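Each value in this text was obtained by applying a stated rule to the coordinates, not by laboratory testing. Here the structure is a predicted model, which is why all the values come from computation and not from measurement. Because the Cβ atoms are built from the backbone with ideal geometry, glycine has one as well, and the counts that use them run over all protein chains shown.
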Ligand SMILES: [Zn+2]
């Protein structure tokens, strides 16, 4: 669903197909209504990324579609994240598989504020994508997770973006959990 269609569906707000304070607020509010929420799962946050894929959980929260629902600031953060990280990665490497975006159950992580996403680009080694992000995009934190140099398909990328904050923290972990090490680690 295009943003313009969502603005029409909700009503009472400007129908311009653009994100702004009014749309973030109105759509976050509409997500609290079960019938609207079901329709809005297919809302495109940006041209290639839907709300559904940014709140989907494969195993950590079975009823994610009713409970893992962002509020206004989290929705705004997710749109910023898609614009800043995922759309440029897709434009460079092709379709992205998001494995975990917003996670309401980890409030202390950037996933809990809608600022972080875990993903892969099928067919492209995660380290290759991570190097490009490191050298190109205004990320906040970039972590190459569970990367095994001998297996180019191993692991995943955690990337965060936050308006006005670019720490450019770059880490890797061979396991996908602490301890984390500086930089992206060995490539072979
Ligand atoms: Zn993550």
Calculated from DSSP helices alone, with each H run of at least 4 adding -39500 (n - 2.57) and the total divided by the residues of the chain, [θ]222 nm to the nearest 500 comes to -8500 deg cm²/dmol
With a point put 7 Å past each Cα toward its Cβ, work out how far residue 169 is from residue 25 in nm, to one decimal. 3.2
Determine the distance separating the Cα centre of region 49-95 from the Cα centre of region 96-116; give it in Å without decimals. 8
Contact order relative to length of region 49-182, as percent, for alpha carbon pairs under 8 angstrom and 6 or more apart: 21
Label point 7 Å out from residue 13 along Cα-to-Cβ: which residues of region 104-122 have amide N under 20 Å? 113-115
Expressed as an acute angle from 0 to 90° and rounded to the nearest 10, what is the orientation of the C-alpha long axis of helix 126-136 relative to the principal long axis of the chain? 70
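Apply 1/(1 + (r/R0)^6) to the Cβ-Cβ distance of residue 134 and residue 48, taking R0 = 35 Å, and write down the FRET efficiency to the nearest 0.05. Present the calculation step by step, with values, prior to reporting the outcome.
Values: r = 22 Å, r/R0 = 0.62.
So, using R0 = 35 Å, E works out to roughly 0.95.
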Length-normalised contact order for region 65-143 - Cα pairs under 8 Å, 6+ apart - percent: 30
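Which whole-number percentage describes the relative contact order of region 1-128, with Cα contacts under 8 Å and a sequence gap of 6 or more?
Numbers: 182 pairs, mean separation 25.1, N = 128.
Value for region 1-128: 20 percent.
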Protection-proxy order for peptides 109-122, 58-71, each taking the mean of Cβ atoms within 10 Å per residue, highest first: 109-122, 58-71
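Rounded to the nearest 0.05, what FRET efficiency do residue 187 and residue 105 give with R0 = 45 Å and r taken as the Cβ-Cβ distance? Could you check?
Numbers: r = 34 Å, r/R0 = 0.75.
Plugging the Cβ-Cβ distance into 1/(1 + (r/R0)^6) gives 0.85.
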Cα Rg, Dmax, region 49-182, angstrom units: 13.9, 42
On Cα atoms only, tilt of 21-30 relative to the major axis of the chain in degrees: 80
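Percent antiparallel among DSSP beta bridges with both residues in region 49-182, to the nearest 5? List each step's numbers first, then the result.
Values: 16 of 21 bridges.
Counting only bridges with both partners in region 49-182, antiparallel ones make up about 75 percent.
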